[in-house]
Amino acid sequence: MEQYSDFAFIYDELMNDVDYNGWIKYIEEIIEKENVKVQNILELACGTGNLTIPLTKKNYDIAGIDISDQMLNVAREKAEKEGVELVLLQQDIAELDFDVTNLDCILCACDGFNYITYDDDLENVFAKSHELLKDGGLFIFDISSHYKLSTILGNNMHGENRDDISYLWQNYFDDEQNLIEMELAFFVKDANGKFDKFEEVHQQRAYTEDEIIESLQISGFTDIKVYGDFTFEKPKKDSERIFFVCKK
Ligand SMILES: C[S@@+](CC[C@H](N)C(=O)[O-])C[C@H]1O[C@@H](n2cnc3c(N)ncnc32)[C@H](O)[C@@H]1O
């Protein structure tokens, strides 16, 4: 089953412990620290709009792109309920095609780029982002660290048993290709109290900081800062989320 198809409908429930407000605060701190005037934002791999919708409410002009129609449909439903107007496009960011240029900021949050597993595709989306930004514009994104994918998630089984949704998550890490394959099995309670099972297989690439920096440089970025775990400090060996802040 494709990534983020049926999973889209329970994604928000399983992510309910993620502090998206704190995430937005951190992004706004970065913008302030970089001293860039940001009005328009292109968000790559925007998913169900957990950043897109609150950022729109803060009066940024946002367009979101995601490969999964199901994730975008959840975002559309939420936006409609909250009376928010969003521009959402279904697209593979490896072949990013967007016709507005001179953008103030491009964002990709919550490890969207780990899903881009080929060097050429990563360089392509970085180069296209460079092209779309205004001079001085910001490219802000995070990845799950190599340490997290290889050591914490890699070759481990994770699971959670909630009242309405349970899941099992079996991971295999290939340390030659630096790829993690995640076999996800979900059990979701239906209206009659019975559990429906569905499965998805996700694949992510574990990038080192140096690999990302090299791809950014090949793609034209020269001013690159790297932070660990929602701080303004360099990542530590055991940082799980690595943030990259690049100015065109
Ligand atoms: C972990 S979710 C993050 C969603 C959202 N950014 C958030 O913070 O909740 C990863 C997202 O990346 C999207 N994605 C994966 N590969 C993609 C690709 N090649 N092009 C566009 N989106 C992609 C998935 O559909 C999914 O919505």
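Out of all the residues in segment 113-139, which are open to solvent by less than 10 Å² (accessible area, probe 1.4 Å), closer than 19 Å to E211 by Cβ and either assigned to a helix (DSSP H, G or I) or within 12 Å of the ligand (Cβ to nearest atom) (or both)? Quick ask: steps written out before the conclusion?
Taking segment 113-139 and keeping what is open to solvent by less than 10 Å² (accessible area, probe 1.4 Å), we get 113-114, 122, 125-126, 129, 132-133, 137-139.
Among the residues that remain, those that are also closer than 19 Å to E211 by Cβ are: 113-114, 122, 125-126, 129, 139.
Once the filter is applied, which keeps residues that are open to solvent by less than 10 Å² (accessible area, probe 1.4 Å), closer than 19 Å to E211 by Cβ and either assigned to a helix (DSSP H, G or I) or within 12 Å of the ligand (Cβ to nearest atom) (or both), segment 113-139 yields F113, N114, L122, V125, F126, S129.
On the given criteria, is I31 surrounded by 14 or more Cβ atoms within 10 Å (Cβ to Cβ), more than 9 Å from the ligand (Cβ to nearest atom), farther than 19 Å from I116 by Cβ and within 16 Å of the chain's Cα centre (by Cα)?
On the way: surrounded by 14 or more Cβ atoms within 10 Å (Cβ to Cβ): yes; more than 9 Å from the ligand (Cβ to nearest atom): yes; farther than 19 Å from I116 by Cβ: yes; within 16 Å of the chain's Cα centre (by Cα): no.
Here the answer is no, as I31 does not meet what is asked.
Contact list please: Cβ distance under 7 Å, first residue in segment 39-57 and over 18 Å from E95 (Cα atoms), second residue assigned to a strand (DSSP E or B) and near the ligand (Cβ under 8 Å from one of its atoms), pairs at least six apart or on different chains.
Listed pairs, sorted by first residue: L51/E43; T52/E43.
For segment 1-28, which residues satisfy the criterion of being within 29 Å of E160 (Cα to Cα), open to solvent by less than 40 Å² (accessible area, probe 1.4 Å), part of a helix (DSSP H, G or I) and in contact (Cβ under 8 Å) with a residue 40 or more places away in the chain?
Listed by number, the residues that qualify are A8, I10, Y11, L14, G22, W23, Y26.
Tell me, yes or no, whether segment 224-247 has at least one residue that is among the small types (G, A, S), modelled with pLDDT of 95 or more, open to solvent by less than 80 Å² (accessible area, probe 1.4 Å) and assigned by TED's automatic domain parsing to the domain that holds C110.
Within segment 224-247, the subset among the small types (G, A, S) is 228, 239.
Narrowing the set further to residues that are modelled with pLDDT of 95 or more leaves 228, 239.
Applying the additional criterion that residues be open to solvent by less than 80 Å² (accessible area, probe 1.4 Å) yields 228, 239.
If we keep only those that are assigned by TED's automatic domain parsing to the domain that holds C110 as well, we get 228, 239.
There is at least one residue in segment 224-247 that is among the small types (G, A, S), modelled with pLDDT of 95 or more, open to solvent by less than 80 Å² (accessible area, probe 1.4 Å) and assigned by TED's automatic domain parsing to the domain that holds C110.
So which pairs qualify, if the first residue must be in segment 167-182 and on the phi > 0 side of the Ramachandran plot and of a type in the set (S, T, N, Q), the second must be open to solvent by less than 60 Å² (accessible area, probe 1.4 Å) and part of a strand (DSSP E or B), the Cβ gap must be under 8 Å, and the two must be at least 6 apart or on different chains?
N178/R205
Could you check segment 34-54 and list, in sequence order, the residues that are among the charged types (D, E, K, R) and surrounded by fewer than 21 Cβ atoms within 10 Å (Cβ to Cβ)?
Going through segment 34-54, the residues among the charged types (D, E, K, R) turn out to be 34, 37, 43.
Residues satisfying the conditions are E34, K37.
Hey, which of the strands (runs of 3 or more DSSP E) in segment 144-243, taking only ones fully inside, have at least 3 residues that are of a type in the set (S, T, N, Q)? Steps first, answer last, please.
Details: elements: 157-161, 165-174, 179-189, 195-205, 223-228.
Counting at least 3 such residues, we get 165-174.
Which condition does V100 not pass, out of (1) touching a residue at least 60 places away in the same chain (Cβ under 8 Å); (2) within 18 Å of F141 (Cα to Cα), if it passes all the others?
(2)
Taking the condition at pLDDT below 95 and open to solvent by 50 Å² or more (accessible area, probe 1.4 Å), does E160 pass?
Working: at pLDDT below 95: yes; open to solvent by 50 Å² or more (accessible area, probe 1.4 Å): yes.
Answer is yes for this residue.
Can you name the residue in segment 199-220 that is surrounded by fewer than 16 Cβ atoms within 10 Å (Cβ to Cβ) and not acidic (D, E) and, of all such residues, is farthest from F173 (Cα to Cα)?
Residue satisfying both the conditions and the ranking: G220.
The values are calculated or read from the model by the stated rules, or taken from the named source; none is laboratory data. Owing to the predicted nature of the structure, the values given are computational and were not obtained by experimental measurement. Cβ coordinates were reconstructed from backbone atoms using ideal geometry, including for glycine residues, and neighbour counts include every protein chain displayed. Surface accessibility is based on the protein's heavy atoms, side chains included, excluding ligands, DNA and RNA. Shrake-Rupley method; radii C 1.70, N 1.55, O 1.52, S 1.80 Å.
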